[in-house]
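For reference, the structure is listed below as structure tokens.
The values are calculated or read from the model by the stated rules, or taken from the named source; none is laboratory data. Remember, it's a predicted structure, so these values are computed and weren't measured experimentally. Every residue, glycine as well, gets a Cβ built from its backbone with ideal geometry; the counts of neighbours run over all protein chains shown. These area figures cover heavy atoms from the full protein model, side chains too; ligands, DNA and RNA do not enter into them. Shrake-Rupley method; radii C 1.70, N 1.55, O 1.52, S 1.80 Å.
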Amino acid sequence: TDMQQEPVQEEKEPSKKDKKKEKKEIEALKIENRHLSEALEKSNGDLAEANDKYLRLFAEFDNYKKRTAQEQKTVYSSAYMDAVEALLPVFDNIERASAYAADENSKNGLQMIINNFRETLGKMGIESYGEVGDEFNAEIHSAVMHEENEEFGENTISLVLQRGYKKGDRVIRY
């Protein structure tokens with residue numbers, strides 16, 4: 001068989017001109033690399049700054065949501081308590097009317113209304129407090145007068161002029 005061999009090309013040493021050209025290209029690449037590195041650092045800094053702004057904005061929005069929810073809850077609770085407080089004088093008048101009812105049918109009718117109102121308040125989680133004989137507590141009771149009465153001890157309620165109402169820890173009427 002006839003085999004042909006390809007001639008091996010010899011590598012010749014680059015000329016001075018080629019070396020100079022390579023050096024310029026290397027320098028240009030180094031400069032470009034430095035510029036790209038600086039641009040990358042600047043981009044990383046901008047990204048970190050944008051991320052920080054995002055996290056702050058997210059935290060601010062989360063706080064806003066919580067604050068708004070709490071305000072809504074407070075507004076609802078306040079409106080609820082105001083409505084109940086507005087109805088209490090009507091209830092007081094019905095109780096007074098029951099005490100002065102002329103006939104038994106009127107008295108029974110008013111007592112049914114009073115029982116129904118008390119039941120409704122109970123369902124709403126509103127309870128009355130301040131009965132004769134209870135200990136006086138200035139945080140939840142409102143003193144109208146002071147009476148020396150040997151039948152009751154010191155700091156004891158001897159007469160209830162207007163019943164107090166509360167829902168949980170919040171006093172609706174002292």
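Some observations on this one:
- Residue within segment 5-12 that is open to solvent by 100 Å² or more (accessible area, probe 1.4 Å), modelled with pLDDT under 95 and not in a loop (DSSP other than H, G, I, E, B) present: no
- Candidates 128, 106, 158, 77: the one that is assigned to a loop (DSSP other than H, G, I, E, B), of a type in the set (Ser, Thr, Tyr) and surrounded by 10 or more Cβ atoms within 10 Å (Cβ to Cβ) is 158.
- For segment 150-174, filtering for residues that are under 35 Å from the mean Cα position of the chain (by Cα) and among the charged types (D, E, K, R) leaves 6.
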